[in-house]
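Visitor: This structure is in structure tokens; I'll ask about it shortly.
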Amino acid sequence: MTPLTVVERLALLGTLVALFEGLHPSLDQWAQSSKDSSCKGLYGDHPVYRDGTPVGQETDDRTGMPTLTASQLGRRSVARHVASYSAGQLAGTVAATRVLGYRIPGRALLAGAAINAVTHAVIDRRKPLLWLAGKAGKRGYVDHCTAVRMDTEGALTAELSGPGSALMELDQSLHRSIGVLAAVVTTYLATRTSGSGTAN
């Protein structure tokens with residue numbers, strides 16, 4: 001491997017890590033709908049409305065409104081979130097690297113995006129993240145560092161997930177660490193042959 005190839009790989013890796021890290025908060029928070037954020041971790045066979053309200057707990061007339069199971073809504077919500085996240089990450093990466101005069105091969109971009117997308121979906125469904133936290137000895141941290149939420153009537157409840165909780169911190173750190181792995185894979189695939197990544 002020539003010194004130029006090493007420099008190219010390191011430069012591309014640094015660029016991708018910076019892009020993935022820089023785009024992550026906006027794509028994970030701003031681009032995600034409130035509905036998907038609150039519903040993506042739902043599980044169960046009980047019927048819910050499209051906003052996540054369980055059938056029988058609605059406070060308004062919803063006669064004839066469609067329902068689905070909580071698990072179906074959770075899967076649809078996480079799929080929408082991951083689709084918008086992945087589209088934003090791909091668009092941002094392509095735009096930034098092209099502006100800088102570098103063209104990353106499509107299969108390299110898609111490989112990195114797939115790593116981020118699949119793992120993002122698994123993590124955001126919450127049960128796998130809780131399982132991993134337990135295996136890593138972090139369940140005490142998760143149970144201790146919850147967030148207190150106040151409903152419209154002033155009642156307080158402890159929430160295991162969401163902003164201000166340990167689970168949210170573990171979620172964000174895992175997404176970012178996986179983003180580094182995705183950047184390494186993308187860089188490797190883009191530069192493993194001399195003519196792969198090309199200047200415009």
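The values are calculated or read from the model by the stated rules, or taken from the named source; none is laboratory data. Since this is a predicted model, take the numbers as computed values, not measurements. Cβ sites come from the backbone with ideal geometry, for glycine too, and all protein chains shown count toward neighbours. For accessibility, only protein heavy atoms count, side chains too; no ligands or nucleic acids. Shrake-Rupley method; radii C 1.70, N 1.55, O 1.52, S 1.80 Å.
Visitor: For the stretch 113-128, how many residues meet the condition of being in contact with a Gly (Cβ under 9 Å, 6 or more places away or on another chain) and not charged (D, E, K, R)?
Guide: Qualifying residue count, the stretch 113-128: 2.
Visitor: Going by the structure shown, is L27 in a helix (DSSP H, G or I), free of Cβ contacts under 8 Å to residues at least 40 places away in the same chain, buried (at least 16 other Cβ atoms within 10 Å of the Cβ) and not polar (S, T, N, Q)? Reasoning before the result, please.
Guide: Values: in a helix (DSSP H, G or I): yes; free of Cβ contacts under 8 Å to residues at least 40 places away in the same chain: no; buried (at least 16 other Cβ atoms within 10 Å of the Cβ): yes; not polar (S, T, N, Q): yes.
No: the conditions fail for L27.
Visitor: Now, a different point. When A182 is evaluated against the numbered criteria (1) at pLDDT 95 or above; (2) within 14 Å of P105 (Cα to Cα); (3) small (G, A, S), which criterion, by number, is the only one it fails?
Guide: Answer for A182: the failing condition is (2).
Visitor: While we're looking at this one, here's another question. Checking the condition among the polar types (S, T, N, Q), open to solvent by 60 Å² or more (accessible area, probe 1.4 Å) and without any contact (Cβ under 8 Å) to a residue 24 or more places away in the chain, which residue from S165, S177 passes?
Guide: Step by step, each of S165, S177 is checked, and only S177 is among the polar types (S, T, N, Q), open to solvent by 60 Å² or more (accessible area, probe 1.4 Å) and without any contact (Cβ under 8 Å) to a residue 24 or more places away in the chain.
Visitor: Oh, and also: Cβ contacts < 7 Å: first residue under 13 Å from Y188 (Cα atoms), restricted to the stretch 96-114; second residue surrounded by fewer than 17 Cβ atoms within 10 Å (Cβ to Cβ) and at pLDDT below 95, any location; separation 6+ or different chain. Result?
Guide: Partner pairs satisfying both residue conditions: P105/S196.
Visitor: Would you be able to tell me the number of residues in the stretch 152-179 that are at pLDDT 95 or above, farther than 15 Å from K40 by Cβ and of a type in the set (D, E)?
Guide: Total meeting the criteria: 1.
Visitor: With the requirement that a residue be under 20 Å from the mean Cα position of the chain (by Cα) and among the small types (G, A, S), what does the stretch 71-109 give you?
Guide: S71, G74, S77, A79, A83, S84, S86, A87, G88, A91, G92, A108 - these are the residues of the stretch 71-109 that are under 20 Å from the mean Cα position of the chain (by Cα) and among the small types (G, A, S).
Visitor: If W131 satisfies all but one of (1) in a helix (DSSP H, G or I); (2) within 18 Å of Q32 (Cβ to Cβ), what's the number of the condition it fails?
Guide: (2)
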